[in-house]
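*Asks:* I have a structure I would like to understand better, so I am pasting it below and will then ask my questions one at a time.
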Amino acid sequence: MQGLHLTADLRGCPAESAPMTDPAALRTLCLAAVAAAGLTPVGELFHRFAGGPGITGVVLLAESHLAVHTWPELAAVTLDVYVCNFGADNSARAEQLLARLESAFGPASTERHRLQRGGAAATPTPNLKALILAAGRGQRMRPLTDHIPKPLLPVRGKPMIEWHLEALARDGVREVVINTAWLEEQIPLALGDGRRWGLSIHYSMEGRDHGGALETAGGIAKALPWLGECFWVVSGDIHAPGFRFDTAQAQRFAASPDDARIWLVPNPDFHPDGDFGLAGDRARRDGERAFTYANYALVRRRLVQHVVPGLPAALGPLLFDAAARGLLGAEVLGHEWHNLGTPAQLVALNSQGPGADLRPG
């Protein structure tokens, strides 16, 4: 049948790591990796080898299967992933699942094999590249940000920026730029090259190159050499786990005349005056401004064409000008959204379960 079969032989894995010898730990790792890749588990079994410390584990997927075998005595692991591509192309999800597991076991060397079964799958429409804005000082988040950059603060069990990376990978984005400035050396150390999510990450180092953050439009302008004609932009301190970086919507935007398309939320308490009104799918500045920019956008590079690379510049005035010219598309974000600006907001969110508060805040 039509599908993609991936295998990897990992050597030089740390034999003392829990997933090498503990079936429960291996199960937790595998199910988390399956969920992050956007695949659907329908059954599983994890079993310790008779007479040895190794484990064999299988996760049955609606899309097919994941199999893992550990040999702690050999410091080795074998991974086997197969996905069916008959009704939809699951290849990117399979690649992401394999990459996450490889990264988790930390091998010294890896031998991979890739077999396309049943002929090549239909080539999916590619998604756009994305920019995550992560350069800010996080002044209102002090003292938490005195020693750790804001995007690495934990939100519901993981660094807040990882929520964006997982969502981008799930939705078919493959290349991501992250701009950095404050304590910027910590971010590449924490995230690496993106392979664990099936992504390629490039870092736009504003602190190193310019001595500090360039604000939103300045950050976009500096990152343009690594982005295409159109691209996604999201702020690293926003938490909206239901947002989809929809490929079809990105392609519709690319074919439109608009300078940008933005997502809006009803005005939160901390910004009661709002940014925009909405007429159909057009953002407006005249009349009542019942909505606030949610810090998710599709952007055409000409929006920042007059920003001098390396100089600070704000995005707001450019969006306002595009709205005045009728070139700013918009829609309301209809699910959970949090702008994490202060320690109190972070504590409040971390005290809730996922989806507990659907109000902007």
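The values are calculated or read from the model by the stated rules, or taken from the named source; none is laboratory data. Worth saying up front: this structure is predicted, and the values here are computed from it rather than measured. A quick note on method: Cβ atoms are made from the backbone with ideal geometry, for glycine too, and the neighbour counts reach across all protein chains shown. Note: areas computed on protein heavy atoms with side chains; ligands, DNA, RNA excluded. Shrake-Rupley method; radii C 1.70, N 1.55, O 1.52, S 1.80 Å.
*Asks:* Express in Å², to the nearest 10, the accessible area of Trp163 obtained by rolling a 1.4 Å probe over the protein heavy atoms while all chains stay in place.
*Replies:* 60 Å²
*Asks:* To the nearest 20 debye, what is the magnitude of the charge dipole of the chain about its Cα centre, counting +1 on the Cβ of each Lys and Arg and -1 on the Cβ of each Asp and Glu?
*Replies:* 300 debye
*Asks:* As an exercise, identify the chymotrypsin sites (Phe, Trp or Tyr not before Pro) in segment 191-231 lying in DSSP coil whose Cβ has no more than 15 other Cβ atoms within 10 Å.
*Replies:* none
*Asks:* Another one. What part of the accessible area of segment 120-197, given as a whole %, is carbon or sulfur when the probe is 1.4 angstrom?
*Replies:* The nonpolar share, carbon plus sulfur, comes to 59 percent.
*Asks:* Would you please give the FRET efficiency between Lys158 and Ala324, computed as 1/(1 + (r/R0)^6) with r the Cβ-Cβ distance and R0 = 35 Å, to the nearest 0.05?
*Replies:* 0.30
*Asks:* Under a Cβ-only charge scheme (Lys and Arg +1, Asp and Glu -1), can you give me the dipole magnitude of segment 1-123 about the Cα centre, in debye to the nearest 20? If you can, show how the numbers build up before the last one.
*Replies:* On the way: 8 positive and 11 negative charges, 28 e Å.
Magnitude of the dipole: close to 140 debye.
*Asks:* Still on this model: Give the angle, between 0 and 90 degrees and rounded to the nearest 10, that separates the Cα long axis of helix 23-36 from the longest principal axis of the Cα atoms of the chain.
*Replies:* Helix 23-36 sits roughly 40 degrees off the main axis of the chain.
*Asks:* Can you give the local net charge around Arg300? Use residues other than it whose beta-carbon is closer than 14 angstrom to its beta-carbon, Lys and Arg +1, Asp and Glu -1.
*Replies:* So the surrounding residues net to +2.
*Asks:* Okay, moving on. Any idea how far apart His335 and Arg244 come out in nm if each label point goes 7 Å out from Cα toward Cβ?
*Replies:* Distance between label points: 0.8 nm.
*Asks:* Work out, step by step, the length gained on full extension between Leu115 and Asp273: first 0.36 nm times the residue separation, then minus their alpha carbon distance; give nm to one decimal.
*Replies:* 51.3 nm
*Asks:* OK, next. Starting from the 7 Å offset along Cα-to-Cβ, what nm value, one decimal, do you get for the label separation of Ala18 and Ala255?
*Replies:* Taking the simple label geometry, Ala18 and Ala255 are separated by 4.9 nm.
*Asks:* Then there is this: Computed from the mean reciprocal separation of all distinct C-alpha pairs, what Kirkwood hydrodynamic radius does the chain have, in Å?
*Replies:* Hydrodynamic radius (Kirkwood, Cα only) of the chain equals 22.0 Å.
*Asks:* Can I ask one more? How big is D for segment 120-234, in µm² s⁻¹ as a whole number, if Stokes-Einstein is applied with the Kirkwood radius of its Cα pairs at 25 °C and 0.890 mPa s?
*Replies:* D = 168 µm²/s.
*Asks:* Rounded to the nearest 20 Debye, what is the dipole magnitude of segment 142-194 about its Cα centre when Lys and Arg each give +1 and Asp and Glu each give -1 at the C-beta?
*Replies:* Rounded to the nearest 20 debye, it is 240 debye.
*Asks:* OK, next. Based on alpha-carbon positions alone, could you give the equivalent ellipsoid semi-axes of segment 187-242 from the gyration tensor, as √(5λ), descending, whole Å?
*Replies:* Numbers: eigenvalues 73, 49, 37 Å².
With the √(5λ) rule applied to segment 187-242, the semi-axes are 19, 16, 14 Å.
*Asks:* Here's something else I'd like to know. Please compute the Kirkwood hydrodynamic radius of segment 12-131 from all pairs of different C-alpha atoms, in Å with one decimal. Each step should come with its number before you reach the end.
*Replies:* Values: mean 1/r = 0.0657 Å⁻¹.
After inverting the pairwise mean of 1/r, the radius is 15.2 Å.
*Asks:* Quick one: Kirkwood hydrodynamic radius for segment 222-361, alpha-carbon pairs, angstrom, one decimal?
*Replies:* Hydrodynamic radius (Kirkwood, Cα only) of segment 222-361 equals 16.0 Å.
*Asks:* Now a separate question. Heavy-atom accessible area per residue, the chain, 1.4 Å probe: how many Å²?
*Replies:* About 43 Å² of surface per residue is accessible.
*Asks:* Within segment 128-168, find all residues whose amide N lies under 16 Å from a label point positioned 7 Å from the Cα of Leu189 along Cα-to-beta-carbon.
*Replies:* Only 145-153 fall inside the zone, counting backbone N under 16 Å.
*Asks:* What chymotrypsin sites (Phe, Trp or Tyr not before Pro) in segment 23-126 are in a loop by DSSP, with at most 15 other Cβ atoms within 10 Å of the Cβ?
*Replies:* Qualifying residues, ordered by number: Phe49, Phe86.
*Asks:* Tell me, in nm to one decimal, what length is gained between Glu229 and Val347 on full extension, where the rule is 0.36 nm per residue of separation less the Cα-Cα distance?
*Replies:* This chain segment gains 38.6 nm when fully extended.
*Asks:* Also, I was wondering about something else. Per the helix-only calculation at 222 nm, which mean residue ellipticity applies to the chain, given -39500 (n - 2.57) for every DSSP H run of n ≥ 4 and division by its residues, nearest 500 deg cm²/dmol?
*Replies:* That calculation yields -7000 deg cm²/dmol at 222 nm.
*Asks:* Please list 59-67, 185-193 highest first by mean number of surrounding beta-carbon atoms within 10 Å per residue.
*Replies:* 59-67, 185-193
*Asks:* Oh, and also: Quick one: Karplus J couplings for segment 248-263, per residue in order, coefficients 6.51, -1.76, 1.60, θ = phi - 60°, nearest Hz, x for Gly and Pro?
*Replies:* Calculated HN-Hα couplings, in order: 4, 5, 4, 5, 5, 4, 4, 8, 8, x, 5, 7, 6, 10, 10, 10 Hz.
*Asks:* Could you pull out every residue, at least 5 positions away or on a different chain, whose amide H is within less than 5 Å of the one on Gly194? Hs are placed 1.01 Å off N in the peptide plane, and Pro or chain starts have none.
*Replies:* Amide H to amide H, under 5 Å and 5 or more residues apart or across chains, Gly194 pairs with Ile201.
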